[in-house]
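Shown next, in structure tokens, is the structure this report addresses.
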Amino acid sequence: MAQPENRPNDNRSSNGGQDPSFNWRGVVLFAIAVMLIGGAFVFNKSGPMGGSTEMTYPAFAEALKKNEIIKDDPRYPVSLVAQPGSANELIRAFRKSSAGGAALPEEVRVQVNLMYLQDNLYWLLNENGIKPVQKEDNNMIAGALFSFLPILLFIVVLYFLFRQQIRMAGKGAMSFGKSKAKMMSRDKNKITFKDVAGVEEAKEEVSEIVEFLRDPKKFQKLGGRIPKGVLMVGNPGTGKTLLARAIAGEADVPFFSISGSDFVEMFVGVGASRVRDMFEQGKKAAPCLIFIDEIDAVGRHRGHGLGGGHDEREQTLNALLVEMDGFDTQDGVIIIAATNRPDVLDPALLRPGRFDRQVTVNLPDVKGREEILRVHAKKVKLADSVDLAVIARGTPGFSGAELANLINEAALIAARLDLKGITNAELEEARDKVRWGRERRSLAMSEKEKISTAWHEAGHALVSVLLEHTDPLHKVTIIPRGRALGVTMSLPEGDQYSFARKEALDRLAMTAAGRIAEELYTKDLSTGASNDIKQMTRLARKMVCEWGMSERLGMVEYGEHEDYVFLGRDINKARDYSEATAQDIDREVRRLVDEAYARAKDLIMANRDKVELIAKALLEFETLDGAQVKEIIETGEMKTPPPTVPKPPRSEPPPLPVADEKPAEDFPPGLTEQPA
């Protein structure tokens, strides 16, 4: 394995190998403060004037008269302490304890002004037969320290509390242009390619870079050169950042990580300076990897800003472009960037020579989902009966982050039920909770609304089973979940990557069936089908404008359809078709919806008794699986009813949600949901 000559040790942090979390200066300052406080305490207790009682001169004379002062005991002498530079003299004596017995005498001290009381003092001592011990107080340093100790202690504590701010303030004014890239040490990053599942093609592409860094001669002998940059593109939660961390764990080279937002500051020119400093650090540690997360924060289209403002982001982008492939290129510095908005990136950033390779991190297929579930299942305890392949098949369209959340939610549910392991039931409930929200059994619905919801879902279920080009019915329930009062779920037999016209027409009919069945029971229209109407309109418009499924309008795309709108680019973009064409589009959308409505109505009217049986079964059991619904349609009865679950007591009902407030979301790939 080839090792670079000037590469720093990966086991050390960027501050020279010292642990940044332990500050010896703070420990020393704290020890000094403790010593000063202890010294002050000891000095206060054991100093020349510590531990004694103040007494006035007349009170001392009265105590001598009453024989309360010890006069002739050598252990407790009477002392005269001279104080140089002062007109006072201090008497230190001991007063007999009032408790008597073996109690220790009390020390007293008396300040005497020699200018007025010197003669009286010596007469008083001679009168009582006291020969005082003459002393001189020379501890001026201790006295001065005792006087200035509070101020000194305050300064030390203040510096100790604000040392970090002082240190940062000293260099903060000159560090705006320094890169905030953090060097990741190998001992702290334990993630490798073994921890990344479901994105095998992406792993192969980035592992090639790791292999190049480990043994560059293997590629250079054939004339190959190291790529300048790798852009990882994919939906949120697909594992782009995790894959970058795995590269850091696998590569035996320095790895710097930074976010796109760390470049832009309130000061003009700071971002460009940080880019240059980042590449300068990379050049010193070359060959190395630099990972920029969410690069769209700094790499957006130039010249598409709104409302003026400074061009700080454009300056930063220009600096990044020059450093990656300009006159002064940095050999051996590989940029790895991640984004879920490649449509807003500047074209100059995406050309070969800068980001030579774009790695698409897609949503995992059924095999990838099973691998991801197995990776996350290592951290929890599963029952022996759990089949992760079934869970993987039932989670089409789930990203890696959603699958990790599913395992975690299942563990929480199992813990709440005091189970010894996670079973299929908890995984199923966790999947429904992640996708549609938690069950709201406490929601108090009126009997009329509950029956109406049951008929609505029965209509969806019936048409889903009867039509040929729909996905197999998985489950239908009238238990409120999330914002929906009921849900009909269909799951495909495998991952679905394309969408046929017959499938789209059958899905339109199935979506319209809920409104028809509900109207058949109530003889009226309600707001319960508002989400169905939004989904039908959106699907029909995609068929006409994007997928070329209209015979009248043909294979023409009308309008540019992006998943996200980039306001700076799209706000002034004119419509690329005429008003007459817009009217034709509206007519075609209406025709597709009306025809689907008519198909669904014919099916429901011909099988009205089956719709009623399904609705009654839903009212009794609340949830039916696809096999039970199919049993009712084929035989007119349900031979294998679900087990009856005792219903929890209902609390005071919260206000019912307004049906119009339910979100109108596109169907996830391969997954159909029909909320009531």
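The values are calculated or read from the model by the stated rules, or taken from the named source; none is laboratory data. Since we're looking at a predicted model, the values are computed, not measured. Cβ coordinates were reconstructed from backbone atoms using ideal geometry, including for glycine residues, and neighbour counts include every protein chain displayed. Calculation scope for accessible area: heavy atoms of the full protein, side chains included, ligands and nucleic acids excluded. Shrake-Rupley method; radii C 1.70, N 1.55, O 1.52, S 1.80 Å.
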| query | For Leu419, what charge total do you get from the other residues with a beta carbon under 15 Å from its beta carbon, if Lys and Arg give +1 and Asp and Glu give -1? | reply | -3
| field | Rounded to the nearest 10 Å², the accessible area of Arg274 at probe 1.4 Å | value | 10 Å²
| remark: With a 20 Å threshold on alpha-carbon distance, the violating pairs from Lys610/Lys630; Lys475/Lys610; Lys240/Lys283 are Lys240/Lys283
| request: Starting from the residue with the highest accessible area, list Trp123, Trp455 in decreasing order, probe 1.4 Å. | output: Trp123, Trp455
| message | Given a 1.4 Å probe and heavy atoms of the protein chains only, how would you sort Lys502, Lys240, Lys542, largest accessible area at the top? | response | Lys502, Lys542, Lys240
| message | For a 26 Å ceiling on Cα separation, which of these pairs sit above it: Lys523/Lys639; Lys194/Lys433; Lys228/Lys367; Lys534/Lys601; Lys523/Lys616; Lys66/Lys131? | response | Lys523/Lys639; Lys194/Lys433; Lys228/Lys367
| message | Can you tell me the length gained on complete extension of the stretch Arg575 to Glu127, counting 0.36 nm per residue apart and subtracting the Cα distance? | response | 149.3 nm
| field | Protection-proxy order for peptides 61-71, 191-201, each taking the mean of Cβ atoms within 10 Å per residue, highest first | value | 191-201, 61-71
| query | How do 615-625, 580-590 rank on mean C-beta neighbours within 10 Å, highest first? | reply | 615-625, 580-590
| request: Kindly report, to the nearest 10 Å², the accessible surface of Ser97 as traced by a 1.4 Å probe over protein heavy atoms only. | output: 40 Å²
| query | Once fully extended, how much extra length lies between Asp119 and Val156, figured as 0.36 nm per residue of separation less the alpha-carbon to alpha-carbon distance? | reply | 8.5 nm
| query | Just how much of Arg225 is accessible, in Å², when a 1.4 Å probe is used and the result is rounded to the nearest 10? | reply | 150 Å²
